């Protein structure tokens, strides 16, 4: 019976122990990247390329292009807001509390950005006809694979 209690206690504490395993160097590098004056110097060119590729591949109408631009603008604002909130106070990443606070702030910033931009993306997606949706879904499925 004691073995079961010990095992149960370990299972309950394991997530807390894993959360406590932070890497101050990795977190510091992430924070430095996020707070850099120009974190993505080629972001505008990349975004224009994506918009152009989608417009051509999906044969978007003017209204659909406007909805796609609205999504891009909402996402850019969400990223800027997240960057601002994360960089306004830099935590002591060498301390456990600071590292945990940073991780929680990162997760919250990602959630806030997703919540801010998702309605615009859904508005764009809902404007697509079934053929365009099928092409968009295929492109979306392959999007992350090119960079790996």
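None of the figures in this text is laboratory data; all of them are computed from the coordinates on show. Given the structure is predicted, the values throughout are model-derived calculations rather than measurements. Ideal geometry is used to build each Cβ from the backbone, glycine not excepted, and the neighbour counts take in all protein chains shown.
Which stretch or stretches of segment 113-131 have amide N atoms under 18 Å from the point lying 7 Å from residue 66's Cα along the Cα→Cβ direction?
Residues passing the 18 Å test: 120-129.
Assuming 0.36 nm per residue, please report the length gained on full extension of the stretch residue 32 to residue 49 beyond their Cα-Cα distance.
3.4 nm
Take the alpha carbon gyration tensor of segment 60-148, find the square roots of its eigenvalues, order them as a ≥ b ≥ c, and report rounded if a/c is under 1.5; if not, report prolate when a/b exceeds b/c, else oblate.
It is prolate, given that a/c is not under 1.5 and a/b is the larger ratio.
According to the square roots a ≥ b ≥ c of the eigenvalues of the Cα gyration tensor, what is the shape class of segment 58-104, taking rounded for a/c under 1.5, prolate for a/b larger than b/c otherwise, and oblate for the remainder? List each step's numbers first, then the result.
Details: a/c = 7.27, a/b = 3.93, b/c = 1.85.
Cα axes put segment 58-104 in the prolate bin.
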